[in-house]
Amino acid sequence: MIDVSSTLAGRQILLTGGNGFLGKVLLALLLDRYPDIGQVHLLIRPKRDQTAEQRFETDVLDSPPFAPLLTALGRAFFRDKITVWAGDAAQPNAGVEQPGWADGIDLIIHCAGLVEFFPPVDQSLRANVDSVVEMAALARRLEAKLLHVSTCYVAGKADGFIEETEPIPGFYPNRSSLNDDSFNAAAELESLRDEIRRIRESSADDRAKNEQLIAAGRRRAARWGWVNTYTYSKSLGEQVLAQTSGLGWTIVRPAIVESSWRFPFPGWIEGGRTAAPLVLMALSGMTEWPACPDIPLEIIPVDKVAAAIIACGALLLTGEHRPVYQLASADTNPFALGPLIQLLCDEARFVNPNGSSDSKIPFWLRPSFGLRFLPASRIRENRQARARRIETSRRILIAIQDKLKKTPIPANGLLDDWIASHRTLALQAHLRDQTIDQYMPFILENRYIFETRNIRDGYARLSAADREKIPWAPETIDWSEYWRENQIGGIRKWVQPEAVRNWSVQV
Ligand SMILES: NC(=O)c1ccc[n+]([C@@H]2O[C@H](COP(=O)([O-])OP(=O)(O)OC[C@H]3O[C@@H](n4cnc5c(N)ncnc54)[C@H](OP(=O)(O)O)[C@@H]3O)[C@@H](O)[C@H]2O)c1
């Protein structure tokens, strides 16, 4: 049996990404459940207008997940247990200038990363590969262990059960067999760095360079079978780590991380990189889904991921770890997209029984509530038809407006709002299509069920008290209840206001 409390007591832990969505919950849970921990060293990048310390105060301590803990444990407790370092995980020595700053660290939890699907590839490389190289070098120098947070979706294009035992070096999703050695991470990285250099040194302007860098990531990911630049770079990060010798490491791969189940309170969620955009689209009345209704959506609540990372950290520190832990739910408790999207549409109808409430949208362009699952080809046809409908409708209204102007009817401006709303509608439809395209690999084109045997076996080694403190067991979640109570409420409260501001999602 492994006793997590005594394993962590007095330990020095370096956490990267502790000011992100997952990192904050992890940090809070760690200190709430294991207050005898020695010290948590938090690496935060300073911003132009904010020091790392200031970011810690505002982004971490004053964030909603910390509110209940500050009340219970007091601010001084966290200030005492956490040391903030200004740095950058992708730089040598984490970019921290003070000599000896990391001496005594036992465990590095590398949670920092760039979760954007199609950024300029140099950004992904830095956040998801260079940072792993540097954290591995630091851990080796300190003789510390390294827990690296990756993603289940390094599997790339796939159909079915994704095992945790698949060898990491040389893996690429389009590989025909285990003997296929066409992919070599070191060679791929060398050619990628060359390409980035060529683009940067070209005479193109900054905007064109950026577009080329985005295209380069997209092309490389697609060539080998990854569904986006994010997962391509995360897999490269894993492969670099797996080929580092003289280091104790483990890789933790969450599936899609969603709102909290219980800790720090049900429904905490942050940012739009989760399934939140899909939920907001469903709630806004989207009824035609390019989705396969019997595919399970592989999600896992953020506090379960945080709990499992702590458990894996203890296993790693005691040397009882396995190389990979996938954190997902569908192999023990699947919830298929069909019932899930139906649940969301029912919720939309419940909240807004007459379809879109926006009175500026002509009723003939408002969404209906008849849910349909369609193949990608039909979705494309429907998109074109919808664009034509919006344009025809706009022209008809303009023609009516022009006619009215020539009559004695005082109709000036009567249809202005409706005409203007067509432009918004077309823009929203475009943004929505772009978003849905990014999610199609997860809801239509691939079917993923991730094996989670390793984390179950790991939890079987923990004491009953630890299993209660940091519960895993996704098989006990009632998904309908979770989606209604935690996800929808959480997304509406924490993500929707930001979404309306930043993504023009129609809600
Ligand atoms: N969200 C998911 O659904 C999901 C699923 C599977 C795996 N994961 C993995 O979980 C980890 C955390 O994801 P998240 O959702 O919490 O993302 P997030 O909210 O975007 O947080 C990412 C954090 O990483 C930090 N970071 C990035 N590059 C850094 C660098 N070079 N040095 C120091 N810090 C750096 C960011 O700091 P700044 O604020 O300075 O940018 C931010 O605090 C990532 O490794 C991700 O790949 C996430």
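Bear in mind these aren't lab numbers, they're just calculated from the coordinates by the rules spelled out. Owing to the predicted nature of the structure, the values given are computational and were not obtained by experimental measurement. When we count neighbours, we look across all protein chains shown, and the Cβ atoms used for this are built from the backbone with ideal geometry, even at glycine.
Only the Cβ atoms of Lys and Arg (+1) and of Asp and Glu (-1) were treated as charged; on that basis the dipole of the chain about its Cα centre amounts to roughly 1840 debye. Seen against the Cα atoms of the chain and their longest principal axis, helix 131-142 is set at about 10 degrees. The distance between label points at Arg456 and Asn333 comes to 1.3 nm (points 7 Å beyond Cα on the Cα→Cβ vector). Here the extension length gained between Ser182 and Arg262 equals 24.3 nm, from 0.36 nm per residue of separation less the Cα-Cα distance.
Straight distance only, please: which lysines reach the Cα of Lys405 with their own Cα at less than 22 Å, same-chain residues fewer than 8 apart left out? Leaving aside lysines fewer than 8 places away in the same chain, those within reach of Lys405 are Lys360. Among Asp402, Asp59, the ranking by other beta carbons within 10 Å of each residue's beta carbon, starting with the fewest, stands as Asp402, Asp59.
The simple spin-label model puts a point 7 Å past each Cα toward its Cβ; for Glu57 and Ala387 those points are separated by 5.0 nm. Each Lys and Arg Cβ is given +1 and each Asp and Glu Cβ -1; about its Cα centre, region 414-498 then shows a dipole of about 260 debye. Spin-label pair Ser377-Lys405: with each label point 7 Å from Cα along the Cα-Cβ axis, the two points sit 4.5 nm from one another. Comparing Ala282, Val129, Gly267 along the charge dipole axis of the chain, the residue lying farthest to the positive side is Ala282, per the Cβ-charge model.
Determine the distance separating the Cα centre of region 107-154 from the Cα centre of region 272-303; give it in Å without decimals. Here the answer is 27 Å between Cα centres. Which is farthest toward the positive dipole end of the chain among Gly458, Gly313, Pro474, measuring Cα position about the Cα centre, with Cβ charges +1 (Lys, Arg) and -1 (Asp, Glu)? Farthest along the dipole direction, towards plus: Pro474. To the nearest 0.05, what FRET efficiency results for Arg197 and Lys47 with a Förster distance of 22 Å applied to their C-beta separation? With R0 = 22 Å, the Cβ-Cβ based efficiency is 0.25. When the P(r) of the chain is calculated, the portion above 46 Å amounts to 15% of the C-alpha pairs.
Subtracting the Cα-Cα distance of Ser5 and Arg140 from 0.36 nm times their residue separation leaves 46.1 nm of extension gain. Give me the angle, in degrees from 0 to 90, between the Cα long axis of helix 416-440 and the longest principal axis of the Cα atoms of the chain, rounded to the nearest 10. Value to nearest ten degrees: 40. Annotation: lysines with alpha-carbon distance below 24 angstrom to Lys234 (same-chain offsets under eight excluded): Lys24, Lys145, Lys157, Lys209, Lys304. Helix 21-33: angle to the longest alpha-carbon principal axis of the chain, degrees 0 to 90, nearest 10? Its long axis makes an angle of about 40 degrees. FRET efficiency for the pair Ala76 and Lys493, taken as 1/(1 + (r/R0)^6) with r the Cβ-Cβ distance and R0 = 30 Å, rounds to 0.55.
When the charge dipole of region 5-134 is built from unit charges on Cβ atoms (+1 for Lys and Arg, -1 for Asp and Glu) and taken about the Cα centre, the candidate among Val96, Ser63, His41 whose Cα reaches farthest toward its positive end is Ser63. Given the DSSP H assignment, sum -39500 (n - 2.57) over each helix run of at least 4 residues in the chain and divide by its residue total; what's the result at 222 nm in deg cm²/dmol, nearest 500? One gets -13500 deg cm²/dmol as the mean residue ellipticity at 222 nm. Scoring 313-319, 217-223 by mean Cβ neighbours within 10 Å over their residues and listing the highest first yields 313-319, 217-223. Here region 144-170 is scanned for amide nitrogen atoms under 19 Å from the site 7 Å beyond the Cα of Asp294 along Cα-to-Cβ, giving 158-162.
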